[in-house]
Amino acid sequence: EIVGEVAGRPALIFDDLISTGGTLALCAEALRGAGAATVEAAATHGVFPSAANTALAGSDLTRLVVCDTVPPLRLTQPEITAKLTTLDTAPFLAEAIARLHEDSSLEDLAEGAI
């Protein structure tokens with residue numbers, strides 16, 4: 001069920017993890033069917049087993065963003081790799097580790113990450 005009016009507007013989907021992408025593809029299809037202008041998705045972890053190629057390549061997604069916590073090496077279909085952005089988490093994690101070793105605060109770390 002879609003809550004709110006998406007017709008003519010960009011739709012954003014956020015999730016913690018994408019595995020095969022089946023649910024994400026169905027959600028994108030529903031949003032486009034409801035008239036969303038674009039459908040972009042972001043997730044912290046993209047596991048992407050081989051089956052994700054089938055589910056995501058033909059999906060209504062216009063953009064997909066994941067962190068590099070799990071390298072998306074099994075995504076091989078150009079229809080999805082062209083839409084994929086992988087964010088580098090190394091600088092953020094390195095800073096967190098450095099602060100832990102220095103007994104510094106982590107409180108403001110996320111402020112500069114976004």
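The values are calculated or read from the model by the stated rules, or taken from the named source; none is laboratory data. In this text, all values refer to a predicted model and were calculated from it rather than measured experimentally. As a convention, Cβ positions derive from the backbone with ideal geometry for all residues, glycine included, and neighbour counts pool all protein chains shown.
Taking the criterion of being of a type in the set (Ser, Thr, Tyr) and not in a loop (DSSP other than H, G, I, E, B), no residue of the stretch 59-76 qualifies.
When we screen 12, 17 for residues that are farther than 16 Å from residue 83 by Cα and assigned to a strand (DSSP E or B), the only hit is 17. All conditions but one from (1) assigned to a helix (DSSP H, G or I); (2) modelled with pLDDT under 95 apply to residue 27; the one that does not is (2).
Here residue 85 qualifies as modelled with pLDDT of 95 or more, within 25 Å of residue 2 (Cβ to Cβ) and either touching a Lys or Arg at 6+ places or on another chain (Cβ under 9 Å) or polar (S, T, N, Q) (or both).
Going through (1) touching a helix residue (DSSP H, G or I) at 6+ places or on another chain (Cβ under 8 Å); (2) closer than 30 Å to residue 105 by Cα; (3) acidic (Asp, Glu) one by one, residue 88 falls short only on (1). Can you pull out the residues in the stretch 77-114 that are among the charged types (D, E, K, R), more than 24 Å from the chain's Cα centre (by Cα) and in a helix (DSSP H, G or I)? Matches in the stretch 77-114: 99 only.
If you take the residues of the stretch 1-58 that are among the acidic types (Asp, Glu) and more than 14 Å from the chain's Cα centre (by Cα), which of them is surrounded by the fewest Cβ atoms within 10 Å (Cβ to Cβ)? If we take residues in the stretch 1-58 being among the acidic types (Asp, Glu) and more than 14 Å from the chain's Cα centre (by Cα), then 1 is surrounded by the fewest Cβ atoms within 10 Å (Cβ to Cβ).
Within the stretch 61-72, is there a residue that is more than 14 Å from the chain's Cα centre (by Cα), surrounded by fewer than 18 Cβ atoms within 10 Å (Cβ to Cβ) and more than 9 Å from residue 21 (Cβ to Cβ)? Scanning the stretch 61-72 turns up no residue that is more than 14 Å from the chain's Cα centre (by Cα), surrounded by fewer than 18 Cβ atoms within 10 Å (Cβ to Cβ) and more than 9 Å from residue 21 (Cβ to Cβ).
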